[in-house]
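Note sheet for the following structure.
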Amino acid sequence: MSTGAGFLAPAEPDAAAEELFDDDVAERGFVMNVSRLWAYDATALDRIFAVARRVAGAAGLSIRHRLLVVLATSAARGSTYCPLAWGSRFPDELPGPTAAAVVRGDVAPPGLDAAETALVHWVRAVATGPTTTTSADVAGLRAAGWTDGQVFAVTVFAALRVAFASVNDALGALPDDELAAVTPPDLVAALPPVVRR
């Protein structure tokens with residue numbers, strides 16, 4: 001049975017984990033379950049996020065773009081933690097109905113331009129069927145205004161988010177109750193129910 005932080009026994013926090021906990025408290029007011037799980041190797045988590053920030057920043061991906069990637073990849077996999085964590089952190093980046101439509105997998109979420117819609121479709125494929133993508137899919141991204149460098153960065157960012165979420169989901173990290181309370185209601189309603197295993 002999950003304790004919220006996951007199926008593993010609590011890790012003995014080292015200096016990197018303590019820093020992660022302190023950052024959570026400073027930003028959120030509590031230590032997140034996912035941070036308790038990653039206390040097993042907080043340095044690895046920092047490096048994963050550093051690569052994600054680097055590729056996204058170098059390609060000029062905005063916070064809105066990154067939020068779209070997180071919502072689309074997580075929802076495509078049935079994961080709830082990251083949409084709540086990001087949706088609560090950046091509620092002004094997307095209107096609630098738009099965020100909910102991305103999570104539901106709508107073909108044309110309202111409030112997205114052509115480039116954003118193409119981005120969402122691409123990262124859903126990265127998350128659920130990366131061997132099914134084609135050169136025509138990439139051509140569609142180019143036609144929507146994405147450069148090849150940006151397509152590469154979006155793909156790396158999405159794949160890293162999938163890897164991060166896969167660890168969290170496989171080891172039973174449950175979304176913190178505090179997140180749902182500060183996430184736009186439309187987004188919360190679109191997410192699948194949290195399953196306690």
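Size of the dipole of the stretch 65-197 about the Cα centre, Lys and Arg at +1 and Asp and Glu at -1 on the beta carbon, nothing else charged, in debye to 20? Don't skip to the end; give the middle numbers.
Details: 9 positive and 12 negative charges, 76 e Å.
Here the size comes out at about 360 debye.
Among Val138, Gly29, Gly111, whose Cα lies farthest out toward the positive end of the dipole of the chain, if unit charges sit on the beta carbon of Lys, Arg (+1) and Asp, Glu (-1)?
My answer, from the dipole projection, is Val138.
Calculated from DSSP H runs of 4 or more alone, at -39500 (n - 2.57) each and per residue, what is the 222 nm mean residue ellipticity of the chain, nearest 500?
Values: 11 runs with 127 residues, N = 197.
The per-residue figure over the chain is -20000 deg cm²/dmol.
Quick note: the coordinates plus some simple rules give every number you see, no bench work behind them. Everything numeric in this text was worked out from a predicted model, so none of it was measured. Note that we place each Cβ from the backbone using ideal geometry, even for glycine, and neighbour counts take in every protein chain shown.
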